Amino acid sequence: MVRNVATLPTCRQVTPAAAGNLVVMLAGEALALTADPLVAARQVVGGARRPLGDRTPSLGVLFASPHFFNTAETLLSAVMEELGPIALVGCVAESVIAGSREIEAEPAVALWLAADLGQVETFAMEFVGTPAGGAYGGYQFGQQLGGAYLLICDPFTFPVQDLLTHLNADAAGTVIIGGLASGGMHARQNRLFLDGKVLHSGAVGVHLAETEIHAVVSQGCRPIGSPLTITAAEGNVIRELGGRPPLSRLQDLARTLSIRDQQLLAHGLQIGKVINEYQADWRQGEFLIRGIVGVEPKSGALAIGDQVAVGQTVQFHVRDADSADQDLRSALESARAVIGHRRVAGALLFTCNGRGSRLFPAPDHDARLLQEVLGTTAMVGFFCAGELGPVGGQNFLHGFSASIALFPEAPSAA
């Protein structure tokens, strides 16, 4: 277990860009459906640059399918040669997203370019084991306030949850959006892109200090029953809910549900932890969703995928395609209301590799819904092994979720 979490300072790479706060930006994206790295590089750079006109790109975000494991260096080198010096992050992923398409099981490269983002700072991080547990090196958060961080991590060598816990406690206001690389099945198999380098471990990121970004997280669930208080717990095991075994509570709840929801209890049951205990009531989206990982039939206790404590409020949730669709639509419409009349110039989508065709009856669900509600086509993303995004003002590692960074075209009047 990581006990000593620290961020160790190192040299930073700062990419010069337009000065000023909340600058107007433009974005473009392109998709290449080929396994040839040179052809793919030429196609995506040409397509993504076209909407920018004569503006110089400030940031590139590059995702490639697993067909580029052995040619990742060739692909990145060709992209950088076409673009020239530019801040760039990305990874090889199980599946990639561009525009309204989610490309699963086919060779694909997606590139997103944005101009006039203000100050852009790329960085790499590593996790270093120590006798006390471990420490995070390579970048020091909190030196510059404002903006947001995009972060892409190798799940095998970079335990991001402990970093998020540290930031929530010691760097309040830090916003992290991103995901875990999904291309490799073992340590050192993943490929992370940072500027002109391909890394096999750690994490890569970018700090956008002067760009207006709206974070949207859809956890894809809906609550059932009523909130309950944990009255006995140990570690990640809930032993009592409101003075009774949680399994007993769940059985009582099942008897009140429709046949459809009873079926979901068997296949899509989750539990939500209230994020803000000081609210008078809680609605969908105000819970941190965690999976149920085990049950003790004799005692009726439930083990979940997170630590719990006596006094916390939880509520059972279910997940299916309809719930995930409704939750994402609601989250996007809420973001649309906040952004107002302004156009969304670009977006980055980090969606779970358990979504896509594994969850929805039709392909391209998340990408198409984002385009439908927000109207932007300048969007790329990838299928993640875990998604990073803020809920209730804190950053978390999620599963089966969609975490989205939205870039409005023009600054708000405020």
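The values are calculated or read from the model by the stated rules, or taken from the named source; none is laboratory data. Being a predicted model, the structure only gives us computed values, none of them experimental. Ideal geometry is used to build each Cβ from the backbone, glycine not excepted, and the neighbour counts take in all protein chains shown.
Residue under question is Ser226, and the condition is that it be small (Gly, Ala, Ser), surrounded by fewer than 20 Cβ atoms within 10 Å (Cβ to Cβ) and under 23 Å from Ile86 (Cα atoms); does it hold?
Spelling it out, it is not the case that Ser226 is small (Gly, Ala, Ser), surrounded by fewer than 20 Cβ atoms within 10 Å (Cβ to Cβ) and under 23 Å from Ile86 (Cα atoms).
In the list Gly179, Gly147, which residue meets the criterion of being surrounded by 21 or more Cβ atoms within 10 Å (Cβ to Cβ) and closer than 20 Å to Ile97 by Cα?
Exactly one residue qualifies, and that residue is Gly179.
Here is a check on your reading of the model: is Tyr139 in a strand (DSSP E or B) and either over 27 Å from Gly28 (Cα atoms) or in the same structural domain as Glu212 (by TED's automatic domain parsing) (or both)?
Taking the combined requirement at face value, the residue does not satisfy it.
Which one of Leu265, Leu302 is in a strand (DSSP E or B) and farther than 30 Å from Pro107 by Cβ?
Within the list Leu265, Leu302, the selection yields Leu302.
Quick one: count up the residues across segment 191-247 that are within 30 Å of Val89 (Cβ to Cβ) and of a type in the set (Val, Ile, Thr).
Summing the residues that are within 30 Å of Val89 (Cβ to Cβ) and of a type in the set (Val, Ile, Thr) in segment 191-247 gives 7.
Check Gly84 against each of (1) modelled with pLDDT under 95; (2) within 22 Å of Arg368 (Cβ to Cβ); (3) small (Gly, Ala, Ser) and name the one condition it does not meet.
(2)
Check whether at least one residue in segment 275-289 is of a type in the set (A, V, I, L, M), at pLDDT below 90 and either crowded, with 17+ Cβ neighbours inside 10 Å or part of a helix (DSSP H, G or I) (or both), and report yes or no.
yes
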